[in-house]
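Down below is the structure, laid out as structure tokens.
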Amino acid sequence: MTTQFLVEQIRKKESFLCIGLDTDLDKVPEHLLEEEDPIFAFNKAIIDATHHLCVAYKPNMAFYEAYGIKGWKALEKTITYLNSHYPEQFTIADAKRGDIGNTSTRYAKAFFEDLGFDSVTIAPYMGKDSVEPFLAFKEKHTILLALTSNLGAFDFQTKMVDGKELYKQVLETSQTYENSENLMYVVGATKAEFLKEIRNIIPDSFLLVPGVGAQGGSLKEVCKYGMTKDIGLLVNSSRGIIYASNGVDFAQAAAVKAKELQLQMRMELNKE
Ligand SMILES: O=c1ccn([C@@H]2O[C@H](COP(=O)(O)O)[C@@H](O)[C@H]2O)c(=O)[nH]1
């Protein structure tokens with residue numbers, strides 16, 4: 001998917017919401033456990049109920065890998081369902097991969113070619129040759145971890161390296177990589193106060209912003225400092241939406257939560 005198409009979808013739906021499919025069998029409604037594939041049944045119901053309110057879905061690989069082959073099959077069914085029924089949705093494999101070039105190439109093939117995701121999250125720590133194999137894919141997006149939403153972000157990401165915070169080095173250096181136009185970045189909603197300086201370095205890049213909802217980040221603050229003329233934001237909420245209810249009404253309850261965020265996003269977009 002091109003960035004231009006993503007921006008058009010955001011304007012059309014008045015939403016830059018990404019729904020995180022962090023599907024945990026300990027949290028899904030009990031009646032679904034009788035289904036042949038409860039993970040897929042849960043995801044399908046959530047997607048069918050919320051697709052008109054969001055522009056992206058982000059399954060986090062941990063929640064699928066945790067169930068072995070069954071989890072991987074449910075992931076494959078979920079991405080196939082999204083690509084066939086809702087091809088306008090931007091899909092993110094939240095995998096946080098990155099390895100020596102030869103290995104990164106295989107990861108890129110797995111997520112972009114075999115599974116057919118539009119984007120994948122990548123840890124930048126191993127540098128240029130670990131990231132460029134992902135960037136080589138046309139109309140696919142590599143979402144580099146810049147400043148994450150967790151407390152541990154302060155262990156390394158904000159430390160000074162050669163007179164500059166490490167996350168700023170990540171932003172600046174990655175912009176020199178081949179095909180850097182295919183880069184997006186993760187910045188946590190809990191770090192909204194850093195967005196002004198981040199925008200000085202990458203004024204136009206799209207940001208994936210997790211951390212509203214369960215982690216307490218503020219959508220308003222994120223928009224105030226992070227929004228660009230082409231929006232430039234995909235704001236993710238996972239638990240806050242998908243576990244709004246664990247009864248038979250779980251999908252409708254998720255839609256209510258998604259609608260709340262979409263209405264706030266509409267307001268922010270109309271401030272432009
Ligand atoms: O900095 C980061 C990077 C990734 N995540 C992921 O986003 C979702 C957030 O889930 P919530 O339930 O809305 O808190 C989850 O998959 C994380 O692994 C992040 O939170 N922060």
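Here, each number is a calculation from the coordinates, and none is a lab measurement. These numbers come from a predicted model, not from an experiment. Positions of Cβ are generated from backbone atoms using ideal geometry, with glycine treated the same way; all protein chains shown enter the neighbour counts.
Per-residue packing, averaged as other Cβ atoms within 10 Å, sorts the ranges 142-150, 3-11 into the order 142-150, 3-11, beginning with the highest.
Across the cross-link table entries LYS168/LYS259; LYS27/LYS70; LYS44/LYS229, which are compared at the Cα atoms, the separations over 25 Å belong to LYS168/LYS259; LYS44/LYS229. In the chain, a dipole from Cβ-located charges (positive for Lys and Arg, negative for Asp and Glu) runs towards its positive end, and of ALA66, ALA153, ASN246 it is ALA153 whose Cα lies farthest in that direction. Other residues whose C-beta falls under 15 angstrom from the C-beta of PHE156 contribute a net charge of +2, scoring Lys and Arg +1 and Asp and Glu -1. Within segment 1-42, name every residue whose backbone N is under 17 Å away from a label modeled 7 Å from Cα of GLN215 along the Cβ vector. From segment 1-42, the list is 17-23.
Take every Cα-Cα pair in segment 3-269 and report what % of them are more than 29 Å apart. In whole percent, the share of Cα-Cα pairs in segment 3-269 beyond 29 Å is 28. Calculated mean residue ellipticity at 222 nm for the chain: -12000 deg cm²/dmol, from DSSP H runs with n ≥ 4 weighted as -39500 (n - 2.57), summed, divided by the residue count and rounded to 500. Remark: the GLU36-ALA110 segment gains 24.1 nm on full extension, using 0.36 nm per residue and subtracting the alpha carbon distance. Most tightly packed first, judged by the mean number of other beta-carbon atoms within 10 Å of their residues, the peptides 235-242, 112-119 read 235-242, 112-119. The peptide list 70-76, 214-220, 159-165, put in order of mean Cβ contacts within 10 Å with the highest first, becomes 70-76, 214-220, 159-165.
Since only VAL186, PHE42, LEU25 are under comparison, the one whose Cα sits farthest along the positive direction of the charge dipole of the chain, derived from C-beta charges on Lys, Arg, Asp and Glu, is VAL186.
The dipole here belongs to the chain: it is taken about the Cα centre, uses +1 on the Cβ of Lys and Arg and -1 on the Cβ of Asp and Glu, and is about 580 debye.
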